Amino acid sequence: MKSIAFANVEEQYRKYEGELQRSEVQRLGEWCHSQPHLPPVSELELILFLHSNYNDAEAARRTIETYYTFKTSCKNLFGNRDLSLRSIQQAMDVLDLVCLPELTPEGYRVLLAKVIDPDASKFSLSTIITFAFMCIDILLWEEGCINGSILIIDMDGIHLGHLPKLGIFTLKDLLYFIQEGLPIRLKGLHLANVVPFIDRIMTMIRPFMKKELLGMFHLHTRMDTMFQHIPQRCLPAEYGGMAPPRKELREQLYSHTIECGNSLADYDAQKRVDESKRIAKPRTMSNLFGLF
């Protein structure tokens, strides 16, 4: 087993010199310390929250509040982060999630997800998201600040049998967390090889998408139209790119996640909100930030 290799704090300051101010990070840390319900927040975490909000301290405070409260309260997505569970093992067999090794010319990191088992009876959206966020957490804390992130979902292999499995409350939780709590600069969300019933999916998710997310949301009936946004060379070999095959990249990511599983569990145990210590009204999944 390995420990999560958290990104070096000094490297973050050097990388974003002139943009990332130590004094702002310190002030954000002082605010966190003044909130007794919050868990300890490391300097690296403070940097990521501040950087992901383009150094807007007020927005960073909202993201911190959302991140830790939601991960504590939302049992649907964050309640069973145990890699030994059969449900998680099955999610790993159903989903290919890869982190592309080359950044885009703008310096954006690209994640690509694809359902590889067409058997809808094995498809559990909440469990797939649970596992995906375990991978993303480790990537996030190990890489540190980055100019932006792009997610590609290749819908090839998804059929009408999957539609009833797309729980609306799970989609709502997912979109809320991506938009309000995840400390990344999201630059694009692409659905490639879109299915004929995409209009039915859009009807489900559009009410939960802010105009900022809708503005970076793209549908592609073919992969080649996506190359206007993401250079083809960045993609895995089976998409005509220069990156290694998707299966190889998947194995790299999954093996590393498994190796860091115990370290991630220890991290999770420390990062919980204590609602009994909250000065304001306790947050629950029914009143979280007035959006539920």
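The values are calculated or read from the model by the stated rules, or taken from the named source; none is laboratory data. Model, not experiment: these values are computed from the prediction. Positions of Cβ are backbone-derived with ideal geometry, glycine not excepted, and every protein chain shown enters the neighbour counts. Note: accessible area is taken over every heavy atom of the protein model, side chains too, but ligands, DNA and RNA are not part of it. Shrake-Rupley method; radii C 1.70, N 1.55, O 1.52, S 1.80 Å.
Rounding to the nearest 10 and keeping the result within 0 to 90°, find how far the Cα-based axis of helix 246-259 lies from the longest principal axis of the chain.
Long axis of 246-259 versus the principal axis of the chain: about 30 degrees.
Run through the DSSP bridge list for the chain and note the antiparallel percent, rounded to the nearest 5.
Here the antiparallel bridges make up roughly 20 percent for the chain.
Just to confirm, what accessible area per residue do you get for the chain at 1.4 Å probe, in whole Å²?
On a per-residue basis, the chain sits at 46 Å².
Using Cα atoms only, what is the angle between the long axis of helix 168-180 and the major principal axis of the chain, expressed in degrees (0 to 90) to the nearest 10?
50 degrees
Can you list the HN-Hα couplings for region 121-127, worked out from phi with the Karplus curve (6.51, -1.76, 1.60; θ = phi - 60°), rounded to whole Hz and with x for Gly and Pro?
5, 8, 8, 10, 4, 5, 6
Angle check, please: helix 22-33 long axis (alpha carbons) against the longest principal axis of the chain (alpha carbons), in degrees 0 to 90, nearest 10.
That works out to roughly 80 degrees.
At Ser255 and Glu102, where each label point lies 7 Å from the Cα along Cα→Cβ, what is the point-to-point distance in nanometres?
About 2.3 nm, to one decimal.
Sort the following peptides by mean Cβ neighbour count (other Cβ atoms within 10 Å, averaged over residues), highest first: 248-257, 70-79.
70-79, 248-257
For Lys2, which lysines qualify as cross-link partners when the Cα separation must be under 25 Å and same-chain residues fewer than eight apart are set aside?
Cross-link targets: Lys71, Lys247, Lys271.
So for each of 141-153, 197-209 I average, over its residues, the number of other beta carbons within 10 Å; can you give me the resulting order with the highest mean first?
Going by the mean number of other Cβ atoms within 10 Å, highest first, we get 141-153, 197-209.
Using 0.36 nm per residue of separation minus the Cα-Cα distance, give me the extension gain between Arg272 and Ser84 in nm, one decimal.
In short, 65.5 nm is gained.
Apply the Karplus parameterisation 6.51 cos²θ - 1.76 cosθ + 1.60, with θ equal to phi minus 60°, to every residue of region 138-155 and state each ³J(HN,Hα) to the nearest whole Hz, in sequence, with x for glycine and proline.
Using θ = phi - 60°, the values come out as 5, 4, 4, 6, 7, 7, x, 5, 8, 4, x, 10, 10, 10, 10, 10, 7, 8 Hz.
To the nearest 500 deg cm²/dmol, what mean residue ellipticity at 222 nm is calculated for the chain from DSSP H runs of n ≥ 4 alone, each contributing -39,500 (n - 2.57), summed and divided by the residues?
-13000 deg cm²/dmol
Report, in listed order, any pair from Lys114/Lys172; Lys75/Lys172; Lys75/Lys211; Lys172/Lys210 with a Cα-Cα distance greater than 23 Å.
Pairs exceeding 23 Å: Lys75/Lys211.
Would you kindly derive the ³J(HN,Hα) couplings of region 87-93 from the backbone phi angles with the Karplus curve 6.51 cos²θ - 1.76 cosθ + 1.60 (θ = phi - 60°), listing them in order in whole Hz, with x for Gly and Pro?
Those phi angles translate into 5, 5, 4, 5, 4, 5, 7 Hz.
Quick check: pseudo-label points 7 Å beyond the Cα along Cα→Cβ at Ile168 and Asp93, how many nm apart are they?
3.2 nm
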